[in-house]
1. Say we join alpha carbon atoms closer than 10 Å with springs in a Gaussian network model of the chain; which of 121, 26, 69 then has the biggest fluctuation?
2. Can you tell me the orientation of helix 12-28 relative to the chain, as the angle in degrees between its alpha-carbon axis and the longest Cα principal axis, to the nearest 10?
3. Helix 114-129 versus the longest principal axis of the chain: what is the Cα-based angle in degrees, 0 to 90, to the nearest 10?
4. Using a 10 angstrom cutoff on alpha carbons, build the Gaussian network for the chain and name the most mobile of 132, 18, 78.
5. What does the helix-only formula give at 222 nm for the chain: each DSSP H stretch with n ≥ 4 adding -39500 (n - 2.57), the total divided by the residues, and the result rounded to the nearest 500 deg cm²/dmol?
6. Kirkwood hydrodynamic radius of the stretch 16-144 from all distinct Cα pairs, in Å?
7. For the chain, modelled as a GNM with alpha-carbon contacts under 10 angstrom, which of 22, 97, 106 fluctuates the most?
C-alpha cells in the first residue's frame, strides 16, 4: 500500500504548481510588502536609507525598489525569472549580511537576519529551478520553440 502512495509518477505538473505558488508568495510578498512601501515613501525616506555600497542613499533606495518591487513582480509573472532573481538575491544578501550583519539570527528581535535569509534562499531556488511551466517564460519559450 505504501508503494502505491509513494510510487514515482510524472510529478512535473505538481512541481510546476508548487513553483507557481512559491513564485506568487515570495514574489508577491517581496513586491507588495517590501518594494511598494519603499516606492511610496521614496521622497520621505531616500535621504536616510542605508547605503552599504557607498553609492548614496537615494540611489541605494532606488536600487532596492527596483529589485524588490519590479523584480518581485517579474517573479510573480514568471517573466525573465532567472535574471529577475539575481538583483533579489543580491539585495537580500546585503540585507542579511551587511544591513543586519550584527543583528540576531531569529525574529522577533529587531534587525534579525531571518526574513532576509528566507527570501534569499527562496530566490536561489528559482535561480536553480526556473519558474516552472505555469509562467510567462514557458509561454514565450513555447511560442519561440514550438
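1. 121
2. With both axes taken from Cα atoms, the answer is about 20 degrees.
3. In the chain, helix 114-129 runs at an angle near 40 degrees to the longest axis.
4. It is 18.
5. Values: 9 runs with 84 residues, N = 146.
-16500 deg cm²/dmol, from helical runs alone.
6. Details: mean 1/r = 0.0665 Å⁻¹.
Kirkwood radius, the stretch 16-144: 15.0 Å.
7. Maximum among the listed residues: 106.
Rule-based calculations on the coordinates, nothing more; no lab input. Keep in mind that this is a model prediction, so the values were computed, not measured.
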